[in-house]
Amino acid sequence: MSWLKIIGISLLFTLILTFPSILHVGSSFIGDGWDNYQQAGYQAFVGKSLREGQNPLVHTNFWRYPIGFDFSRAFDSYLAIGLGGILSTVLPMPFSYNLVIYLLLLLNGVTSYYFFRKISDNTTLGIIGAIMYGFSFYVLSKAGSHANLIFIGAVPLIGLSILRIRSDMPTSKKSLTLYAITIAAILLGAMQYIIMIGIQLIWIAILYLLLYRSDIAMLKEKFSKHFTTWLTLIVCSLTAFLLLFNAQLSALLSGNFIFFARAEVLKHATPSITDFFLPNSYLTSFLLLPFPHSLSDSSIEKVVFFGYIELVLMLLFFVTSHARKLKLFLGLAFLFPFLLSLGYGDYNHFFLLPYRFLSHIFPFTGIAEAGRFAVISLFIMSIAGVLFLQKLRFNNKKILLLLIITTLMLERATVAFPLSPSLHDKYTTIVKGLDGNAVLDIPINPYYGRYNMLSIYYDKPIVNGYIHWSADGTREQSFLFHDSYLSLFSCSENDPVLTSKTEQEFQTVINQQLHTLLRDNNIKTVVVHKDDKFYHTICTNVRQRLATFFEQTYSLSSTKNTGQQQLQDTILEAKPKVSLYFPSKGVFYLDGAYFAPSQQADFSISLNNSPLEEKYEFVPGPDAYSRELIPKQTIKIAVEAGSEITIFSKTLVRQTAYSVWYRYEPEGNEIIPLKEPFEKVYDDEKATIYSIN
């Protein structure tokens, strides 16, 4: 089969297995709405840097402003960000990101096809192997969020290279080209895969030496005969490795490489043993809907399902008449990474699992998500399945193989492949046009991938920013968590502001310092995001702190020409307070006021912090807990320039909707403008934008 045909078939498989993403390729991101935004942000940042003629692989403060971080250590896969960066120089998001997902899946299909066709000498079996491995459940799940981990094509390329080394022409031009492509695929792929491949190759070498001793002399002869060629290849590979991973190696040798406290990740993100034999609900396929699913929670890290067809084929390989030595070799080659992939999570209590002893030893310290070792087991399993099918001999074999292809595709076809919104909204365009060097997004969350993508739309640095743990140290986190009170705007049920009156009173001091901090660092835009968990209980503390940080005072304008005006809004997690400022001397008519708190609350009115002398009363309104001001249309108050009237309650209320009707007729010439530390620029159901003055 020509390479154009196999590319076409792989592309067709890609579009089928990610359907309906092709229908939304320019309007939605492929993925579940979490780490896919982080990965898209990486790619867009590289594209932005390239368009501006800058090197992206240096220190930047585009995220984690103003401290910044070393971008060359903050991603995991040159191939994913390189492809995405180049494409995003000419194509918009999310189209360029989705194209990268398609290309990476396509490459998996093509590389897997060539390997499995080689070992089976059969085109149809090559396609079956490509589906089983190149489009495995593991790979498809990574398309849901981990673009850096999609490409596993280096593994079948290594298989092809090993076969080429054993051939009669191990150093021909064709062979050397294959080696070069293989080395490039390894180095440009995910760093974790480099570690996994290295570990597995050592294990394979040990098994080979033990089981195939007769081949040792032959291999020695090949290496000695072409020693210069092999040495050149090794030197070039090491040089490329040092160039690509210089930043990581320097940090490792200097002690600055970050090994995040990954114990909890290892404990909770490790798949259970049932995840290998039952589908995880993260991906829901048509064919598997009636079948039982894994008991573990829905998680991208727990999608390691081998597949029912694949399991049957592997089992048949080991119980049929293949060479015992080959079965032993493949069985042990499969078992080692499989045991590593079991980690020691909540579901695996066997005390002799290898990762219990290895997780604190380098390089295993860099792979807390132990389930990812399954990518090696899947490859060995696919080899066993294809070799079994190759040995079958009967008249209608081709019909069986086509039936297997159909079943494998149905097994993987999802009800609806995950898609997430582009995030490009009206408010992001408004932020882009505002003054200031950077943007503060609230709630504070340095692990929220959406902020990465939003910064691209803002075209401005942000104080947050989700970066790879290996570059996320104390210095990179200092502005958010150590040098300011910004961390108080992280969602937490343990925030003392929820229970301590002292903390609530101290909030005024915190607000003053934060306003100064933002101005000093030219962070002139604050975006409060309301479309995630902002209204959940866990974010009550953030809503409460925001209510005082952005406590609004209305500076009133004359209503002589317009007549009665109305103010209305909703106050969250605060003691309700509406302040009216008068820039000029005049007469103010408080025609009416209506407050609808979510609980019982009494309201009062003050003029310049003193009780209002005019007679008034708040009486029960038509709704539960609501209060209406009486008398209506009759309260007339003389105000001076700079005066302030406040309608307030001393009760902390979760939510208060209000409306105030008024007229204001200035009489004096003196004007004292209100000097607010901020201005509300925009507000909708997704976000509120404030400009810091």
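The values are calculated or read from the model by the stated rules, or taken from the named source; none is laboratory data. Because the structure is a prediction, the values reported are computed rather than measured. Cβ: placed from backbone, ideal geometry, glycine included. Neighbour counts: every protein chain shown. Ligands, DNA and RNA are excluded from the accessible area calculation, which covers all protein heavy atoms including side chains. Shrake-Rupley method; radii C 1.70, N 1.55, O 1.52, S 1.80 Å.
Residues checked against (1) under 48 Å from the mean Cα position of the chain (by Cα); (2) assigned to a loop (DSSP other than H, G, I, E, B); (3) of a type in the set (D, E, K, R):
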position	(1), (2), (3)
E551	yes, yes, yes
S558	no, yes, no
N561	no, yes, no
L567	yes, no, no
Q600	yes, yes, no
E613	no, yes, yes
If the Cβ limit is 9 Å and pairs must be 6+ apart or interchain, which residue in region 659-675 that is open to solvent by 80 Å² or more (accessible area, probe 1.4 Å) pairs with which residue that is hydrophobic (A, V, I, L, M, F, W, C)? E667/V587; E670/A641; I671/A641
Within region 444-460, the count of residues that are closer than 18 Å to S484 by Cα and open to solvent by 20 Å² or more (accessible area, probe 1.4 Å) comes to 1
Scan region 212-225 and tell me whether some residue there is over 18 Å from E301 (Cα atoms), aromatic (F, W, Y) and part of a loop (DSSP other than H, G, I, E, B). yes
Mind listing whichever residues of region 168-195 are open to solvent by 60 Å² or more (accessible area, probe 1.4 Å) and assigned to a loop (DSSP other than H, G, I, E, B)? D168, M169
Collect the residues in region 418-429 that are crowded, with 18+ Cβ neighbours inside 10 Å and either in contact with a strand residue (DSSP E or B) (Cβ under 7 Å, 6 or more places away or on another chain) or under 22 Å from F277 (Cβ atoms) (or both), keeping them in residue-number order. L419, S420, S422, Y427
When you scan region 475-489, how many residues do you find that are open to solvent by 10 Å² or more (accessible area, probe 1.4 Å) and either at pLDDT below 90 or within 25 Å of H146 (Cβ to Cβ) (or both)? 5
Name the residue, out of V527, V578, V542, that is modelled with pLDDT of 95 or more and part of a helix (DSSP H, G or I). V542
Just for helices (runs of 4 or more DSSP H) wholly inside region 362-447: which have at least 3 residues that are in contact (Cβ under 8 Å) with a residue 24 or more places away in the chain, more than 23 Å from H146 (Cα to Cα) and among the hydroxyl-bearing types (S, T, Y)? 426-432
Being β-branched (V, I, T) and over 30 Å from G33 (Cβ atoms) is the filter; apply it to region 384-417 and report the residue that is most open to solvent (accessible area, probe 1.4 Å). I399
Looking at A593, is it under 21 Å from N511 (Cβ atoms) and open to solvent by less than 50 Å² (accessible area, probe 1.4 Å)? no
Filtering region 1-19 down to residues that are modelled with pLDDT of 95 or more and not hydrophobic (A, V, I, L, M, F, W, C), which residue is nearest to M93 (Cα to Cα)? T18
Over region 196-210, the set of residues in contact with a helix residue (DSSP H, G or I) (Cβ under 6 Å, 6 or more places away or on another chain) and either at pLDDT below 95 or open to solvent by 60 Å² or more (accessible area, probe 1.4 Å) (or both) is W203
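Conditions tested, residue by residue: (1) closer than 30 Å to V542 by Cα; (2) open to solvent by less than 30 Å² (accessible area, probe 1.4 Å); (3) at pLDDT 95 or above.
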site: E573; (1), (2), (3): yes, yes, no
site: P597; (1), (2), (3): yes, yes, yes
site: Q600; (1), (2), (3): yes, no, yes
site: F603; (1), (2), (3): yes, yes, yes
Give me the pairs: first residue in region 1-17 and in contact (Cβ under 8 Å) with a residue 40 or more places away in the chain and farther than 15 Å from F151 by Cα, second residue β-branched (V, I, T) and open to solvent by 60 Å² or more (accessible area, probe 1.4 Å), beta-carbon distance under 8 Å, and six or more apart or on different chains, which are they? L15/I22
Looking only at residues that are part of a loop (DSSP other than H, G, I, E, B) and open to solvent by 10 Å² or more (accessible area, probe 1.4 Å) in region 461-470, which one is nearest to D76 (Cα to Cα)? H468
Among (1) on the phi < 0 side of the Ramachandran plot; (2) buried (at least 18 other Cβ atoms within 10 Å of the Cβ); (3) at pLDDT 85 or above, where does N246 come up short? (2)
Identify, from the list I16, I7, I86, I22, the residue that is of a type in the set (V, I, T) and either outside any helix (DSSP H, G or I) or in contact with a Phe, Trp or Tyr (Cβ under 9 Å, 6 or more places away or on another chain) (or both). I22
Against the definition (at negative phi, without any contact (Cβ under 8 Å) to a residue 60 or more places away in the chain and among the hydrophobic types (A, V, I, L, M, F, W, C)), how does I605 come out, yes or no? yes
Which number in (1) of a type outside the set (G, A, S); (2) assigned to a helix (DSSP H, G or I); (3) open to solvent by 60 Å² or more (accessible area, probe 1.4 Å) marks the one condition that N256 misses? (2)
